[in-house]
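Trainee: Structure in structure tokens, see below.
The values are calculated or read from the model by the stated rules, or taken from the named source; none is laboratory data. A quick note: this is a predicted structure, and the numbers were derived from the prediction, not measured. Using ideal geometry, Cβ is built from the backbone for each residue, glycine included, and neighbour counts are taken over all protein chains shown. Calculation scope for accessible area: heavy atoms of the full protein, side chains included, ligands and nucleic acids excluded. Shrake-Rupley method; radii C 1.70, N 1.55, O 1.52, S 1.80 Å.
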Amino acid sequence: METKPPARGFESWVNLVAKYADHVTWGVLFFLMVITMADVFLRKIFHTSILGTVEITELSMAAIVFCSLAECQVHDGHIKVDILLKGFSKRVQAVFDLITQTACFLFFSMMTWAMFHYAIAMKEGGEVTIDLSLPKYPIVWVACAGCALLAMVLLCKSLKALREVFES
Amino acid sequence: MNPIIVGIIGILFLFLLLAMRMQIAFAMALVGFLGFIVLSSFDSAVGLLGILPFDTTASYTLSVIPLFLLMGEFANHSGMGSELYEMLYKWIGFLPGGLAMATVGACACFAAITGSSLATAAMFGAIAFPEMKRLNYSDKLATGCIAAGGTLGILIPPSSVLILYGIITEQSIAKLFIAGVIPGLCLALLFILVIYVMTKAKPSLGAAGPKFSMMEKVVSLKATGSLLGLFVLVIGGLYTGWFTATEAAGVGAFGAFCVAILKRRLTMKNLLASLKDTAGSTAFIFAILIGAMIFQHFVTLTQIPNVLVSYIVGAGVSKYIVISAVIAAFMVLGCFMEGLSIMVLAVPVIYPVVIQLGFDPIWFGIIITITMEMSLITPPVGVNVFVLSGVVKEVPMYTIFRGILPFWVAMIACIALLTAFPKIVLFLPNSMM
């Protein structure tokens, strides 16, 4: 059976950060479940509710998604159609991976840059949530960092594909 | 350049990237972004890239996805599916083909908690297959009923496919969930009918299991009561309007968490595994959603949906021929792509046509979901079959695909039935409070 070589240097650091970011998602997920349940319970039984549940949920959702994107990519969890390339040699497959993963790296670098500017605009505009007046920009920073991390994982994947092109 | 030509080039480029093994979510986002640059401007495309991903994910409504996923993972990791199977095994296992029928029934019940076809197929591959093997069931019937039964996960609520359909088409998620109940049960009954007919024609395919006393049967009900109670609370709450979809998802996840603790099945390891798997599924579903939203902005600019509507409606073809062609196209796509991706890719283009022809959007969501179910078991990319063959290693994939064929025909029959009588789908959502 073919075994995956262990990650080295830069890649192992990126994977470690992605793993810890994913742990943040776990915590926020659990918090989301508890706060949703508590809000429903209070509303249905005591006719009161937790102030700002909707906006807390919205901000939590952004954290949940963007903190887990990179770890999902580390484990190749994002869906792709790989049946068409299976018939080609490993080298050809690596060439295609090099092209696609580099394109994805560039795209997510661009998205990071775009979100960075969105966060700055939000900070300068003083945008806050309605009920709790929480500033929104820190969560956009988190989303931006999640995108940057995903870009780093994609860079590692394309470097790995480049190695395979020359080694196979 | 003509927007329609840009649109066609964009769609072809998307298929090229998919063939080159680019992740579906990333390919949609990249093509959408590049197309937006061509049809609008670089600055507005970058603006879209900064705002849209954050605004799409920071949504109260969409919190139903991770919460329902979490509910399913708690049920999955604490092994609740085995209790369902044992209960049905004791009640109907004595019939010819009874174990296969019990498997389909347990799949339907488990799907009602997990909403995941793959988890359902994997779980019953591990639980039900050895039992059927012990009673000399044919490999074709044993694996076919598990792979097909597993697909019920995306039709019977909660279903992530229906949630995504609701978001893309701006339909009520609660109504879509309720609409999935009767067709899900219909399909489960059709699967059971298939097993009955097969074992009646050839009894050696599935021998009858042992008989159990009434006391044993009643005791088995007790073990599954909490799980079925949770389903009734979540779906009943939605149907009566007591819960919104998000509230139902929160209550469902917390309920499954409590049930798992009370049954002493939720170890720290299981809890972390549930959170980890939920995070993974949430990540890939939202990546697809973000990609789809960027792609949808581009598709809207190309005006392809409008042109398609005026062309097809103007052609004066029977609407049933059009819907058959749509279903056939989805089936063909389903041979190569995963259902969720087909949904987000094709629905924005084809949905305006279907609605313009006078079909109900809720009905169309259910029909498309059944088509997605078929894609899970259609060769060469039948994901459920891949998962099952990973669990049941001794049966060749070819045998599993052959075993699925009668169930696949049952799915076609179900689509025909629901098309002839749309009220089967629409009765419950239309009577919602």
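Trainee: What translational diffusion coefficient, in µm²/s and rounded to a whole number, does the Stokes-Einstein relation yield for segment B:178-226 at 20 °C and a viscosity of 1.002 mPa s, taking the hydrodynamic radius as the Kirkwood radius over Cα pairs?
Mentor: Rounded to a whole number, D works out at 158 µm²/s.
Trainee: How tilted is helix B:245-262 with respect to the longest principal axis of chain B? Cα atoms for both, answer in degrees (0 to 90, nearest 10).
Mentor: Orientation of helix B:245-262: about 30 degrees from the principal axis.
Trainee: Follow-up question, since we're still on this one. Please report the Cα spread of the protein assembly as shown along all three principal axes, rounded to whole Å, starting with the longest.
Mentor: 72, 57, 56
Trainee: Once both axes come from the Cα atoms, what is the angle between helix B:304-315 and the longest principal axis of chain B, in degrees from 0 to 90, rounded to 10?
Mentor: 80
Trainee: To the nearest whole number, what is the average tally of beta carbon atoms from other chains within 10 Å of the beta carbons of peptide A:49-58? Display every interim value, and only then the final one.
Mentor: Values: counts 0, 0, 0, 0, 3, 5, 2, 1, 9, 8.
The per-residue average across the peptide is 3.
Trainee: In addition: What is the percent of Cα-Cα separations in segment A:1-90 that go past 21 Å?
Mentor: For segment A:1-90, the fraction of Cα-Cα distances above 21 Å is 54 percent.
Trainee: I would also like to ask the following. Apply the Karplus parameterisation 6.51 cos²θ - 1.76 cosθ + 1.60, with θ equal to phi minus 60°, to every residue of segment B:268-280 and state each ³J(HN,Hα) to the nearest whole Hz, in sequence, with x for glycine and proline.
Mentor: 4, 4, 5, 4, 5, 5, 5, 5, 5, 5, 5, 4, x
Trainee: Next question, about the same structure. Please report how far the C-alpha centroid of segment B:1-72 lies from that of segment A:135-160, rounded to the nearest whole angstrom.
Mentor: Answer, in whole Å: 17.
Trainee: Could you give the accessible area per residue of the protein assembly as shown, probe 1.4 Å, as a whole number in Å²?
Mentor: Per-residue value: 40 Å².
Trainee: Ignoring everything except DSSP H segments at least 4 long, calculate the 222 nm mean residue ellipticity for the protein assembly as shown; use -39,500 (n - 2.57) per segment, divide by total residues, nearest 500. Working shown, then result.
Mentor: Working: 24 runs with 471 residues, N = 601.
Computed ellipticity for the protein assembly as shown at 222 nm equals -27000 deg cm²/dmol.
Trainee: Roughly how many debye, to the nearest 20, is the charge dipole of chain A about its Cα centre, given +1 on each Lys and Arg Cβ, -1 on each Asp and Glu Cβ, and no other charges?
Mentor: 400
Trainee: Normalised by the residues of chain A, what does the relative contact order come to in percent, with Cα pairs under 8 Å and at least six apart?
Mentor: 31
Trainee: Can I ask one more? Sort B:Ser341, B:Ser281 by heavy-atom solvent-accessible area, probe 1.4 angstrom, most to least. Please report the intermediate quantities before stating the final value.
Mentor: Working: B:Ser341 0, B:Ser281 25 Å².
These residues rank, largest area first, as B:Ser281, B:Ser341.
Trainee: Here's a follow-up. What translational diffusion coefficient, to the nearest whole µm²/s, does segment B:167-272 have by Stokes-Einstein, given a Kirkwood radius computed over alpha-carbon pairs, a temperature of 37 °C and 0.692 mPa s viscosity?
Mentor: Estimated diffusion coefficient is 189 µm²/s.
Trainee: Given B:Lys133/B:Lys393; B:Lys133/B:Lys222; B:Lys217/B:Lys263; B:Lys217/B:Lys269, which pairs have Cα atoms separated by over 22 Å?
Mentor: Among B:Lys133/B:Lys393; B:Lys133/B:Lys222; B:Lys217/B:Lys263; B:Lys217/B:Lys269, the Cα-Cα distance tops 22 Å for B:Lys133/B:Lys222; B:Lys217/B:Lys269.
Trainee: Further question: Given the peptides B:128-141, B:35-48, B:185-198, arrange them by the average over their residues of other C-beta atoms within 10 Å, most packed first.
Mentor: B:185-198, B:128-141, B:35-48
Trainee: Provide the net charge surrounding B:Trp91, with neighbours chosen by a C-beta distance below 14 Å and charges set as Lys +1, Arg +1, Asp -1, Glu -1.
Mentor: My count for the surroundings of B:Trp91 gives +1.
Trainee: Round to the nearest 10 and report in Å² the accessible area of B:Asp55, as given by a 1.4 Å probe over the protein chains' heavy atoms.
Mentor: 80
Trainee: Within 10 Å of each Cβ in peptide B:61-71, how many partner chain Cβ atoms are there on average? Round it to a whole number, please.
Mentor: Partner-chain Cβ atoms within 10 Å, mean over residues of B:61-71: 4.
Trainee: With every atom except the alpha carbons ignored, what do you get for Rg and Dmax of chain B, in angstroms?
Mentor: Using the Cα atoms of chain B, the pair Rg, Dmax is 21.9, 75 Å.
Trainee: Still on this structure, please answer the following. Rounded, prolate or oblate: pick one for segment A:52-127, where a ≥ b ≥ c are the square roots of the eigenvalues of its C-alpha gyration tensor, a/c under 1.5 means rounded, and failing that, prolate if a/b is larger than b/c, else oblate.
Mentor: oblate
Trainee: Additional query: Heavy atoms of the protein only, probe of 1.4 Å, neighbouring chains included. What is the accessible area of B:Lys202 in Å², nearest 10?
Mentor: 110
Trainee: In percent, what relative contact order does chain B have, based on Cα pairs under 8 Å that are 6 or more apart in sequence? Don't skip to the answer; put the middle values down first.
Mentor: Details: 671 pairs, mean separation 115.4, N = 433.
Result for chain B is 27 percent.
Trainee: Got a sec? What order do A:Arg43, B:Arg264 fall in by accessible area at 1.4 Å, biggest, i.e. largest, first? Write out the running numbers ahead of the final one.
Mentor: Working: A:Arg43 80, B:Arg264 210 Å².
In descending accessible area the options line up as B:Arg264, A:Arg43.
Trainee: For chains B and A, what's the summed buried accessible area, probe 1.4 Å, to the nearest 100 square angstrom? Can you show the working numbers first?
Mentor: Values: alone 18030 and 11170 Å², together 24060 Å².
By this definition, chains B and A bury close to 5100 Å².
Trainee: What is the Å³ per residue value for the convex hull set by the Cα atoms of chain A?
Mentor: 142
Trainee: Using Cα pairs closer than 8 Å and at least 6 residues apart in sequence, work out the relative contact order for segment B:177-262, in percent.
Mentor: This gives 25 percent for segment B:177-262.
Trainee: How much net charge surrounds B:Pro429 when only other residues with a Cβ under 14 Å from its Cβ are counted (Lys, Arg +1; Asp, Glu -1)? Please report the intermediate quantities before stating the final value.
Mentor: Numbers: positive: B:Lys175, B:Lys423; negative: B:Asp360.
My count for the surroundings of B:Pro429 gives +1.
Trainee: Follow-up question, since we're still on this one. Taking the Cα centre of the protein assembly as shown as origin and charging only Cβ (+1 Lys, Arg; -1 Asp, Glu), how large is the dipole, in debye to the nearest 20?
Mentor: 1580
Trainee: Taking all protein chains as present, what is the carbon and sulfur share of the accessible area of chain B, in % to the nearest whole number, probe 1.4 Å?
Mentor: The nonpolar share, carbon plus sulfur, comes to 71 percent.
Trainee: Sticking with this structure for a sec: Could you grab the Rg to Rh ratio for segment B:272-385? Cα atoms only, Kirkwood for Rh.
Mentor: Rounded to two decimals, Rg/Rh equals 1.03.
Trainee: State the three equivalent ellipsoid semi-axes of segment B:1-157, derived from the C-alpha gyration tensor as the square roots of 5 times its eigenvalues, in descending order and whole Å.
Mentor: Equivalent ellipsoid of segment B:1-157: 46, 19, 11 Å, largest first.
Trainee: Sticking with this structure for a sec: Largest first, what is the accessible-area ranking of B:Phe427, B:Phe286 with a 1.4 Å probe? Numbers along the way, then the final one.
Mentor: Working: B:Phe427 130, B:Phe286 0 Å².
These residues rank, largest area first, as B:Phe427, B:Phe286.
Trainee: Cα centroids of segment B:400-433 and segment B:341-385: how far apart, whole angstrom?
Mentor: 13
Trainee: What's the ranking of B:170-183, B:104-117 by average number of surrounding C-beta atoms within 10 Å, highest first?
Mentor: So the order, starting with the most tightly packed, is B:104-117, B:170-183.
Trainee: Can you send over the solvent-accessible area of B:Tyr351, 1.4 Å probe, protein chains only, in Å² to the nearest 10?
Mentor: The accessible area comes out at roughly 40 Å².
Trainee: Which net charge results for the neighbourhood of B:Ser116, defined as the other residues with beta-carbon distances under 14 angstrom from its beta-carbon, given Lys and Arg at +1 and Asp and Glu at -1?
Mentor: Summing Lys/Arg as +1 and Asp/Glu as -1 gives -4.
Trainee: Apply the Karplus parameterisation 6.51 cos²θ - 1.76 cosθ + 1.60, with θ equal to phi minus 60°, to every residue of segment B:424-431 and state each ³J(HN,Hα) to the nearest whole Hz, in sequence, with x for glycine and proline.
Mentor: These are the phi-based 3J(HN,Hα) values: 4, 7, 8, 4, 5, x, 6, 9 Hz.
Trainee: Sticking with this structure for a sec: Give a quick list of trypsin sites (Lys or Arg not before Pro) in segment B:354-433 that DSSP marks as loop, anything other than H, G, I, E or B, with at most 16 other Cβ atoms within 10 Å.
Mentor: Passing sites in segment B:354-433 are B:Lys393.
Trainee: In addition: Taking Cα centroids, how far is segment B:242-282 from segment B:76-99 in Å?
Mentor: 22
Trainee: Considering every residue in A:35-44, what mean count of other chain Cβ atoms within 10 Å of its Cβ is obtained?
Mentor: Mean partner-chain Cβ count within 10 Å for A:35-44: 5.
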